[in-house]
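Data block below; observations after.
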Amino acid sequence: MTLADVGTVPFLDLQPVTEAVREEVLARWSTILDECSFIHGEPVRSFEKRFAAVCGATHGIGTANGTDALHLTLRALGIGAGDEVVVPTNTFVATAEAVVLAGARPSFADVDPSTLMLTPASIEAAVTPRTRAVVVVHLYGQMGDLTAVRATTERLGLLLVEDAAQAHDARWEGRPAGSFGVAGCFSFYPGKNLGAFGDAGAVVTSDDWLADRIRSMRDHGRAQGSHHEHVLVGSNSRLDSLQAAVLDAKLRFLPAWNEERRRLFDVYREGIDPQAARPVDELPGSLGVRHLAVVRVRDRDDVRRALAERGVGTGIHYPTPCHLLPPYTQYATGPLPVAEAAAREVVSLPLYPGMRREQAERVAALVNDCARPGGAP
Ligand SMILES: Cc1ncc(COP(=O)(O)O)c(C=O)c1O
């Protein structure tokens, strides 16, 4: 088979991971339908417990989505009006959105030019006397230097929250994402490394007080075990049994799927000329999970167009840094040049469990054809 025979390569194909659990999910859903236990069911408790263990945390609290996981965590920590929260500007908008939903102000930080992650220096540059917390984002499924980030937040007396929406079972120096901050917030949006058949999310934490508060707040602020006693202003952000059953069924595949993603990324790393398209660096202490395969190119839009003409789907994560998005410019304090340059250059290549090695080889060869030789930023 020649590379030309491989055909088109979509940016993402969820069929392989869906098929892996189809029978098991249908059987579990049948039980849920028999019992009509749609909310607070056994699958929710089972998944929460097993997922917390994967993250090295004592508690798992399912939520309706990852945005709520972040927003409820910040609110449960008492962060609100008058407070500032440092967030990297090169993230999915939900990180900043959660801060604003909590009533606080995002303080946008720039990032390291090689890893595109927060660093102690970039955090400190964004801290003001009003700063209460830092949300560190494990962007693309990789981990920044969490030891240094945590030392910085501890020294400055700030809370550390992890936005681990893209980093299920990623590790920094052997420790899992979600175990560094006071809480780790996850999304199970279908395209994530661990994805539901709809929207879902979770918070993991080893802080009993915080776990109790978030558990209450995701369920209208109910007192534990009570239906009519509301002790906090909460929300309706429960993980439902149908989605929990999907996640519980998928969880045992997560290590193998992550390994597959890493192997496919290695094909890119070996096959793509770094002078034409430069992968975003990963630190030696990070065992990332390659949620996205991101390279940097000049003339990004031309490269994407040329790849599309050759049948290769791509994405951009993200085209506009948060501080330049219209609802968030009011929080911007000045240019953030590293993130702004990256936003013009990043392109995400196809990567998903079930993608074949030959497909990655074809994409790598086409990237070399389409990207300007010697033009990598
Ligand atoms: C970095 C990051 N934070 C937060 C979220 C929000 O998660 P959700 O879409 O489940 O609300 C996402 C996912 O979309 C994300 O990638």
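Structure notes:
- Residue 239 vs. criteria within 16 Å of the ligand (Cβ to nearest atom), in a helix (DSSP H, G or I), farther than 27 Å from residue 148 by Cβ and in the same structural domain as residue 166 (by TED's automatic domain parsing): no
- Going through (1) outside any helix (DSSP H, G or I); (2) under 26 Å from residue 357 (Cβ atoms); (3) out of contact with any helix residue (DSSP H, G or I) (no Cβ under 6 Å at 6 or more places or on another chain) one by one, residue 270 falls short only on (1).
- The stretch 72-101 - residue that is within 9 Å of the ligand (Cβ to nearest atom) and open to solvent by 20 Å² or more (accessible area, probe 1.4 Å) and, of those, farthest from the chain's Cα centre (by Cα): 97
- Of everything in the stretch 128-184 that is in a helix (DSSP H, G or I) and at positive phi, the residue that is surrounded by the most Cβ atoms within 10 Å (Cβ to Cβ) is 141.
- Verdict on residue 213 being open to solvent by less than 70 Å² (accessible area, probe 1.4 Å) and in contact with a strand residue (DSSP E or B) (Cβ under 7 Å, 6 or more places away or on another chain): no
- Pairs are defined by a Cβ separation below 7 Å, a sequence spacing of at least 6 or placement on different chains, a first member in the stretch 347-372 that is over 27 Å from residue 252 (Cα atoms), and a second member that is part of a loop (DSSP other than H, G, I, E, B) and open to solvent by 50 Å² or more (accessible area, probe 1.4 Å); the pairs so defined are 366/310; 368/273; 372/298; 372/299.
- Failed item in (1) of a type outside the set (Ser, Thr, Tyr); (2) more than 9 Å from the ligand (Cβ to nearest atom); (3) closer than 20 Å to residue 251 by Cβ, with residue 192 passing the rest: (2)
- Hey, residue 38 more than 16 Å from the ligand (Cβ to nearest atom) and at pLDDT 95 or above or not: yes
- Cβ-Cβ under 8 Å pairs, at least 6 apart or on other chains, the stretch 38-56 side among the acidic types (Asp, Glu), far side open to solvent by 20 Å² or more (accessible area, probe 1.4 Å): 48/59
- The strands (runs of 3 or more DSSP E) falling completely within the stretch 16-120 that include 2 or more residues that are farther than 21 Å from residue 131 by Cβ and in contact with a Ser or Thr (Cβ under 7 Å, 6 or more places away or on another chain) map to 59-63.
- Neighbours by Cβ (under 6 Å, 6+ apart or cross-chain): first from the stretch 224-244, buried (at least 18 other Cβ atoms within 10 Å of the Cβ); second assigned to a loop (DSSP other than H, G, I, E, B) and among the aromatic types (Phe, Trp, Tyr): 240/38; 241/38
- Comparison of 244, 256 shows that the only residue that is assigned to a helix (DSSP H, G or I) and out of contact with any helix residue (DSSP H, G or I) (no Cβ under 9 Å at 6 or more places or on another chain) is 256.
Rundown of residues vs (1) outside any loop (DSSP other than H, G, I, E, B); (2) touching a helix residue (DSSP H, G or I) at 6+ places or on another chain (Cβ under 8 Å), yes/no style:
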position	(1), (2)
281	no, no
294	yes, yes
301	yes, no
305	yes, no
317	no, yes
341	yes, no
364	yes, yes
377	no, yes
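- Matching residues, the stretch 314-356, being among the acidic types (Asp, Glu) and open to solvent by less than 40 Å² (accessible area, probe 1.4 Å): 345
The values are calculated or read from the model by the stated rules, or taken from the named source; none is laboratory data. Every value quoted in this text rests on a predicted model; they were computed, and no experiment measured them. Glycine gets a Cβ as well: all are built from the backbone with ideal geometry, and neighbour counts include every protein chain shown. When the accessible area is computed, the model is the full protein with side chains, heavy atoms only, and any ligands, DNA or RNA have been set aside. Shrake-Rupley method; radii C 1.70, N 1.55, O 1.52, S 1.80 Å.
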